[in-house]
Each structure stands twice: as structure tokens, then as C-alpha cells.
Amino acid sequence: MINALVDMFDTATIASIVAGASALMFATMGETISEKAGVINLSVDGSMMLSALAGFVVAFETDNVWLGFPAAAVAGMIVALVVAFGSIKLSLNQVAVGFVLFALCTELSRFLGQSYVGRPPVGVPAWDIPGLSSIPFFGPVLFDHNLMVYLAYITVIATYLFMYRTRRGLELQGIGERPEAAHARGVPVNRLRYFYTALGGALIGIGGAAFSLDVILGWSDRPTRNLGWIVLAIVIFGGWHPLRAAIGVLLFGALQAYAINLVPEYPSLSQVLPSIPFPAMIVVLVIVNWKALLKWLDRYPFLRAILRSDPPTAIGTRFEVN
Amino acid sequence: MSLELRDIHKHFGPVRANDGISITVETGTLHGLLGENGAGKSTLMKVLSGFHSADSGEIILDGKTIKLASPVDAIAAGIGMLHQDPLVFLPFSVIDNFVLGSPGERRLDRAAATRELNELSERYGFNLDPETPARLLTVGERQQLEILRLLWLGARVLILDEPTTGISADQRAKLFVTLKALAKEGMSVIFVSHKLEEVADLCERVTVMTRGKVVGEAELPVPPEQLVEMMFGQAIEIRDRDQVSLGSSHLALDSIRTATGLLSEEPISLEVQAGEVIGIAGMEGSGQDTFLRICCGMRAPKEGRVAVGGQDMTGKHYRDYLAADVKYLPAGRLEEGLIEGLTITEHFVLAGEDRSFFVDWGAARKRAVEQVEHYTIKGTEASTAESLSGGNQQRVLLAMLPAELTVLLMEHPTRGLDIESADWVWEQLLARREQGTSILFASADLDELLRYSDRILVFFSGRVIGELDASATNVDEIGLLIGGRRSGTEGVAS
């Protein structure tokens with residue numbers, strides 16, 4: 001146990017957590033953006049799978065790993081647009097459409113991917129940043145990966161800056177919070193909902209491809225299964241805040257790595273640990289929604305900003321101009 | 001900016017929310033728009049602020065006809081609207097609420113916006129901390145934030161829709177000071193309210209609306225009873241009442257009082273006998289609904305005792321009141337009375353006495369068909385609640401009442417009904433009365449109150465300001481009381 005703990009904090013383990021989190025990182029940012037705009041894309045698990053396949057197939061057939069990512073982004077975007085269109089134009093329930101799309105995409109990728117099972121993998125080449133990667137500890141942890149890993153972290157920071165530092169970002173939050181108020185201020189609610197859902201879908205797609213082209217290479221039977229549900233859980237855990245969600249992703253990765261390290265000593269526990277993020281999320285939700293605590297936290301704006309969990313009020317609803 | 005609305009029509013399906021409305025608002029005036037709930041004031045203001053587009057009619061600003069396709073068009077033309085529930089984003093900070101939607105550079109310069117907010121805020125004597133999230137602000141402060149934002153965006157006409165709902169007396173005073181200052185600066189302020197005394201207090205001119213039409217205009221001040229008459233109309237004739245012999249005490253309230261808010265100041269006592277009809281008058285929101293909810297056991301009074309049929313019911317559950325045959329029919333027929341999506345048959349099954357586990361749908365439908373016929377409901381047993389017109393919804397509600405009733409409490413029994421349905425409703429109610437049911441009803445229709453009540457209670461700002469014998473009073477006396485004046489005294493009671 002102690003050994004495993006020590007192992008957990010060694011540089012190589014931490015570096016592997018950082019590297020392995022890229023797929024979840026992209027998808028979590030995508031889902032956060034979409035939900036922030038008021039559209040809950042429940043198809044993540046399926047659309048990650050489908051885009052993981054799309055990414056691998058395109059990269060494999062063209063023998064160019066970089067072409068895999070745009071293909072995956074398009075796949076994720078199309079699925080997301082179906083959710084947005086179903087809600088905005090056809091007044092369908094977002095949850096129902098998302099769930100059906102999850103099942104559809106999962107089975108579709110299983111079917112379409114049959115002939116690609118076991119094909120030789122295509123991987124993103126490593127790219128350590130010269131100079132920075134030789135810094136002790138921080139070098140290997142942050143700067144000794146590949147372009148997609150760097151991009152994942154840049155996406156987190158960019159999402160954060162966009163949401164909280166720009167006018168457009170504030171509008172994005174507005175349309176998911178109180179669309180009628182956003183409309184009153186001249187924000188084109190439904191047009192932006194299409195845009196951000198599509199953008200979020202593209203990021204979910206890139207997350208899928210990051211998995212099949214970077215984390216666990218190649219195609220097998222439903223390689224990304226359950227990852228999308230974890231994304232949905234982490235978005236809530238992250239309180240719809242990109243940075244906190246990113247911490248959630250790393251925490252999840254750490255728990256997984258910890259579980260792997262524990263396998264030799266406690267074979268039985270290794271099955272339990274990866275599921276900890278779920279009860280942990282429930283505990284966090286109970287805490288952050290605890291009225292007395294929130295009231296107390298109102299006196300400490302900084303603490304509350306860290307712990308807050310304000311779901312976009314209009315999430316999952318439709319907005320119509322009358 | 002002078003503003004003219006010319007012949008505005010706006011229909012929602014068969015409902016004529018605005019039926020040919022023309023109003024002129026002069027530059028620099030405080031213009032009141034007075035009318036009961038549902039008179040069409042909010043619809044008109046939504047048309048004026050670009051939220052609704054009118055079916056026909058013109059909006060003329062400084063001599064030019066303008067087209068408003070969205071709220072942004074309105075604010076660009078200088079028309080800003082403050083909604084009853086201010087349209088702010090609760091989790092966002094004050095400053096974020098202030099800048100959201102404002103034109104400007106891509107990057108958000110919060111510091112510059114904060115300076116402008118503080119400047120404006122100081123000018124009008126508000127005290128808003130830019131970093132506080134809006135959910136921590138009171139409704140009054142959220143209004144202040146919205147007013148400043150609209151001014152910042154260049155509003156020259158400011159519309160306030162029922163702004164005094166949910167704010168404290170202090171904040172109301174402050175709001176009125178601000179509005180007067182704005183008018184002095186040349187702003188046109190339209191103050192929409194159903195509260196007569198506020199309009200009389202604040203405004204220089206008033207337009208009165210009823211049922212989608214303008215029914216009167218006046219330069220203020222005018223005697224409040226004149227406004228009351230415009231709002232409620234003059235009673236035409238009072239029919240002779242059938243004398244019903246009153247029976248034993250059915251409902252007795254002994255100095256009831258709530259903890260805070262309405263009905264907390266003066267205890268109310270009332271005894272209602274079998275077969276007695278009590279009318280409840282007053283401006284909307286003067287405590288009538290709280291009173292009725294106490295009578296039916298939905299709300300417990302803080303002090304005092306309630307007895308039904310001689311039996312003490314104080315502190316008992318709503319179910320016990322129902323068991324004692326006390327029934328309440330609220331004003332929101334579709335919101336509180338019926339269930340959207342359920343058919344008439346299903347409603348009768350839910351309301352019925354039959355407690356068996358399985359529903360005998362065949363029998364239920366048969367009974368529903370009978371009821372539909374008996375109560376001349378326009379619809380079928382399979383019609384859903386929301387597909388019925390207001391009058392037919394009221395018929396279903398009355399049809400669902402149990403056969404035995406001790407006390408029947410109703411809000412606006414005939415509001416929104418055509419004359420035929422209204423007469424029918426009262427036929428039913430008077431038949432109940434013959435059987436000894438005591439009826440308490442709140443109404444905004446003075447004619448209805450005088451025609452059907454034995455006694456009339458007048459509510460004013462959370463108190464019973466008068467208890468009148470209906471056969472010995474008249475419209476003028478009730479009108480005075482509704483406006484807050486006890487007859488023979490000068491000045492508005494507060």
C-alpha cells in the first residue's frame with residue numbers, strides 16, 4: 001500500500017496521468033461548452049466511440065495521423081447538431097434524443113469498425129519541447145508528450161479564458177442561464193446554441209480520436225466504452241467550470257493510475273477504485289448543494305467560486321421567441 | 001422623446017389581449033398605465049419593447065413610425081423595459097449582468113464598465129457592488145441594476161412593468177424618487193401597475209385599461225373613486241335579492257393573523273352562516289388570496305382560531321378541511337384547479353369518491369358524458385383541460401365539486417367568462433346556497449359583488465378596511481374603500 005502510494009507520486013506516473021487524460025480533457029471541455037449553452041449532449045459516450053473509429057479509419061487509410069482528427073471532429077459535430085436540431089427545430093427532448101444517439105452511435109461504430117479490429121495502429125508522434133522538457137520534474141510531467149496532449153491543455157485554458165474573459169463567452173453563459181434575458185439583450189440564442197453545440201461536439205469528437213490515435217492505439221470492440229458517461233459525470237463534478245472540470249479529469253486519471261498500481265497488492269480493490277469518481281461526484285453534489293454551506297460560503301467569495309456548482313439554469317430547455 | 005401608440009391590436013388565438021389601443025406619452029412625463037391583472041397592460045408593453053410584434057397598429061417615436069422586431073430594436077430606438085421579474089442572470093456578478101449584450105470590443109473590459117456603472121450608480125444614489133452575484137441582490141436592487149443598464153444603453157423611454165411587486169417600502173420610495181428624477185431629465189417613464197394608490201402617488205397622467213381596451217385617461221391628481229370607476233365600471237342595476245333564511249354558523253374566524261406580510265397587522269374576525277354569500281373586494285394583492293387560503297386550511301394563521309360548522313379546525317390539515325366539506329376554487333383554473341393533459345373523464349375519476357384500486361373506465365366515461373351534458377360543457381368527455389375555454393373550465397370545476405358542501409371559497413368566479421357562462425355559474429352557486437352552502441368569493445367586478453353578496457368585505461393593503469351590508473351600500477362607497485379611503489375621512493389610509 002505504502003509502496004503503491006509512493007509510486008503514485010513518482011514523476012513517471014504523474015506524467016502518464018497527464019498524458020492519458022488528453023482524450024477525456026477534450027471531451028469534457030466540449031460537453032461543458034455545450035451544456036453551458038443550455039444543450040445537454042447525452043450522446044457523448046456514443047459519439048466519442050463513433051469519432052474514435054472515424055479518426056482511426058481516416059488516419060489508417062490515409063496513413064496520416066493528423067487527418068484523423070478533423071474527421072473525428074466532423075463526426076462528433078454531426079451527432080451534436082442532431083441533438084441541437086431535434087431540440088430547437090423539432091421540440092424534442094434533448095435527453096431522449098441524446099440517449100437514442102448514444103445507442104445508435106455505439107452500435108454503428110461496432111458494426112462499421114468490424115473490419116478494422118486488430119489493424120496496425122497509427123499513433124501521434126512524440127514531441128518533447130526542447131529545453132522545457134529537461135526541467136526536473138515539470139519537464140517530464142508537462143513538456144515531454146505529444147502535440148495532442150499539449151493541445152488538450154491549451155483547450156482547457158482557452159475555454160476558461162473565452163468563457164470568463166470575453167464578451168462572447170459571457171453571452172455563451174447567458175444563453176444557457178436565462179435565454180429570455182439574453183434575447184432581451186440582443187443575443188441570438190438559438191443560433192448560438194447551434195454553434196456551441198457543434199463546437200462542443202467537435203471537441204468531443206477530437207477526444208474520441210485522441211483515444212484511438214494516442215491513448216490506446218487502434219480499434220477493438222467498443223474501445224472507449226463508458227468514457228462518455230465519465231465525461232458527463234465530470235462536467236457535473238466540475239460545476240460547469242472548465243478548470244474545475246479539468247481537475248476532475250486529472251483526479252479521475254490519478255484514481256485509475258492508483259488502481260493499476262494497487263493491482264499486485266490488492267487485486268480485488270483494483271476493480272473498485274476506478275468507480276470511485278461516481279460516488280465521489282455524488283458526495284460533492286450533496287456538499288455543494290447544501291444550503292447552509294452555500295449561505296456560509298457567500299461570505300467568502302473566493303471559496304465559493306471554487307466550490308460553486310451552479311448548473312446552467314436553462315439546461316435542457318427550449319427557447320422560443322414569441 | 002414623445003411616444004405614440006396608434007390602434008395597437010394583438011390577439012393570442014381567440015383572446016384579444018390588445019384591442020385597438022391608442023396612447024400618447026409626452027416627453028418628460030410619468031405616465032401611469034392602470035388596470036387589473038389580465039387587462040392587457042403587459043402585452044401592450046411587450047409590444048412596445050419589441051418582445052411581441054403587434055398584429056396591427058403603429059408605434060410612433062418623435063414623429064417617426066418605427067418597426068420593432070426584437071427587444072434590441074427597441075433599445076436601439078431608445079425604449080427600455082424593466083420586467084416585473086427583472087431579466088438578470090442570477091449567478092453572474094453585477095458587472096457581468098451590466099455588460100452582457102452591450103456593444104463593445106471582443107475582450108471584456110470589466111474595469112472600464114465598472115467605472116461607468118459606478119458613475120451611473122452614484123448619480124442616482126444607488127449602491128451596487130459590481131462583484132456581488134445578482135442572486136444576492138434584493139429584487140429592488142436587481143431593478144436598479146436593470147434601470148442603470150438600460151440608461152447606459154441609451155434608453156429615453158423607460159417602461160416599468162409592476163415594479164413594486166416584491167420590493168420593500170423603502171426601495172419603493174427610492175424607486176419613485178429615481179423615476180421622478182428621470183422624468184425631470186426629460187425621460188418618458190411608463191409606469192404599469194394595478195395598484196391605484198401608487199399610480200396616484202407617482203404619475204402625472206394615467207391611462208386606464210380594461211379587457212384589452214383603453215377605458216379612460218386623466219391628468220392626475222383626480223379623486224381615486226373616479227379611477228376606481230374607470231377600472232371597475234359603474235354598476236348598472238342591482239337586482240332584488242331572494243331572501244334566504246340564514247342557518248347555523250358554518251365558518252367562524254376568531255381574530256386570525258399571519259406572522260408577516262399581508263394580514264399580519266390587524267386580526268380578522270368573521271362569522272359566516274349557512275346560506276350566506278360573502279363578497280370580497282379590493283385591489284388585487286391586498287390580502288384576499290391569503291385570507292381565502294386560511295379559510296380553506298391551505299395556510300395556517302399564526303394567531304387566532306378557525307372553526308367550521310362549529311368544530312374547531314385550527315391547525316388542522318387541508319385534508320381535514322376537505323373532509324369537513326370546505327372547498328376552494330382558486331383563480332388559476334388551469335394552474336391550480338385542473339391538470340393540463342388530463343381529460344374531463346380523468347378529472348372526474350380523480351375528484352370522485354370511488355376509492356377502489358382499479359378504475360372502471362367504462363363507467364367513468366359514461367358518468368363523464370352525463371356530466372358534460374348536465375353542465376352543458378362545450379367539449380367531450382375526452383377533451384383535455386387546456387383545450388376548453390375559460391367558461392368551460394369553470395363548468396368542469398363546478399361539476400367536480402362534491403354534492404355536500406359546507407363552505408365554498410372562490411376567486412374570480414366569472415373572470416374571463418362570457419355573459420352566458422357567468423350567469424350559468426351564478427345559477428349554480430345560488431342553487432348551492434339554497435342548499436345551505438356558505439359562499440365566499442373574491443371578485444374585481446363591483447356589479448357582481450353588489451348583486452350576489454349579502455355582506456362585502458373590502459381589503460386594502462393587507463387589512464379588512466370595511467365590512468358592508470350589500471343591500472345598504474353602493475358602488476361609490478365600495479370604490480372609496482377599495483382605494484383606501486374610509487368614507488367621511490380625507491386622505492389615503494396607509
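What follows draws every value from the coordinates through simple rules; no lab data is involved. Only a predicted model underlies this, so the values are computations on that prediction, with no experimental measurement involved. For neighbour counting, all protein chains shown are included, and Cβ atoms are generated from backbone atoms with ideal geometry for every residue, glycine included.
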### Message
Using Stokes-Einstein with the Kirkwood hydrodynamic radius over Cα pairs, what translational diffusion coefficient do you get for the stretch A:2-307 at 37 °C and a viscosity of 0.692 mPa s, in µm²/s rounded to a whole number?
### Response
163
### Rounded FRET efficiency, nearest 0.05, which uses the C-beta distance separating residue A:216 from residue A:127 and R0 of 22 Å
0.70
### Query
Exposure proxy check: A:45, B:354 ranked by fewest other beta carbons within 10 Å?
B:354, A:45
### Task
Given a cut-off of 20 Å, name the pairs among B:41/B:213; B:174/B:195; B:174/B:302; B:46/B:213; B:10/B:41; B:10/B:195 whose C-alpha atoms lie farther apart than that in the structure shown.
B:174/B:302; B:10/B:195
#### Entry: Gain in span if fully extended, residue A:268 to residue A:229, counting 0.36 nm per residue against the direct Cα distance
11.7 nm
### Task
May I have the convex hull volume per residue, in Å³, for the Cα set of chain B?
174
### Query
Per the Kirkwood treatment, what hydrodynamic radius in Å, one decimal, follows for the stretch B:3-222 from the mean inverse distance over all distinct Cα pairs?
17.8
### Total formal charge among the other residues, if their Cβ is under 15 angstrom from that of residue A:152, Lys/Arg +1 and Asp/Glu -1
-3
### Query
Expressed as a whole number of Å, what is the distance separating the alpha-carbon centroids of the stretch B:280-336 and the stretch B:90-104?
43
### Selection from B:228, B:328, A:108, by position along the positive dipole direction of the protein assembly as shown (Cβ)
A:108
### Query
Net charge near residue A:126, counting Lys/Arg +1 and Asp/Glu -1 over other residues with Cβ under 15 Å of its Cβ?
-3
### Task
With everything on Cα atoms, drop me the angle between helix B:361-374 and the longest principal axis of chain B, reported from 0 to 90° to the nearest 10.
80
### Centroid-to-centroid separation of the stretch B:360-421 and the stretch B:463-478 [C-alpha atoms, Å]
32
### Task
Using the 2.2 N^0.38 Å rule of thumb for compact globular proteins, work out how the stretch B:338-401 stacks up: its C-alpha Rg over that value, please.
1.01
### Message
Could you work out the relative contact order of the stretch B:3-222? I mean the mean sequence separation of Cα pairs under 8 Å and 6+ apart, divided by the number of residues, in percent.
### Response
32
### Summary
Between the modelled labels at residue B:339 and residue B:118 (7 Å from Cα along Cα→Cβ) the distance in nm is 5.7
### Task
Evaluate the charge dipole of chain A about its Cα centre and quote only its size in Debye, nearest 20, assuming +1 on the Cβ of each Lys and Arg and -1 on the Cβ of each Asp and Glu.
1220
### Query
Taking square-rooted eigenvalues a ≥ b ≥ c of the alpha carbon gyration tensor, is the stretch A:145-262 rounded, prolate or oblate, where a/c under 1.5 means rounded and, failing that, a/b exceeding b/c means prolate?
prolate
#### Entry: Sequence-separation-based contact order of chain B, relative, with Cα cut under 8 Å and 6+ spacing, percent
15
## Note on the structure
Treating only Lys and Arg (+1) and Asp and Glu (-1) as charged, each at its beta carbon, one finds that the protein assembly as shown has a dipole about its Cα centre, in Debye to the nearest 20, of 2220
### Query
How big, on average over all directions, is the shadow cast by the Cα convex hull of the stretch A:214-256, in nm²?
3.4
#### Entry: At R0 = 56 Å, FRET efficiency that the Cβ-Cβ distance of residue B:255 and residue B:53 yields, to 0.05
0.60
### Summary
With -39,500 (n - 2.57) per DSSP H segment of 4 or more residues and division by the full residue count of chain B, the 222 nm estimate, nearest 500 deg cm²/dmol, is -9500 deg cm²/dmol
### Task
Give the Kirkwood hydrodynamic radius (Å, one decimal) of the stretch A:75-223, defined as one over the mean of 1/r across all pairs of different Cα atoms.
18.2
### Summary
Working note, the stretch B:11-62: Cα radius of gyration (Å, one decimal) and Dmax (Å, whole number) are 11.7, 37
### Task
Could you work out the per residue convex hull volume over the alpha carbons of the stretch A:221-319, in cubic angstrom?
142
### Task
Evaluate Rg over Rh across the protein assembly as shown, taking Cα atoms for both radii and Kirkwood's formula for Rh.
1.05
### Query
How much mean residue ellipticity at 222 nm does chain A get from its helices, if each DSSP H run of length 4 or more adds -39500 (n - 2.57) and you divide by all residues, to the nearest 500 deg cm²/dmol?
-21500 deg cm²/dmol
### Query
Going toward the positive end of the dipole of chain B, with +1 on Lys and Arg Cβ and -1 on Asp and Glu Cβ, which of B:132, B:157, B:464 do you reach last?
B:132
### Separation of the residue A:135 and residue A:168 label points, Cα + 7 Å toward Cβ, nm
3.0
### Query
Around residue B:365, with a cut-off of 15 angstrom between Cβ atoms, what is the net charge of the other residues, counting Lys and Arg +1 and Asp and Glu -1?
-4
### Task
Can you tell me the relative contact order of the stretch A:2-307? Whole percent, Cα pairs under 8 Å, sequence separation 6 or more.
33
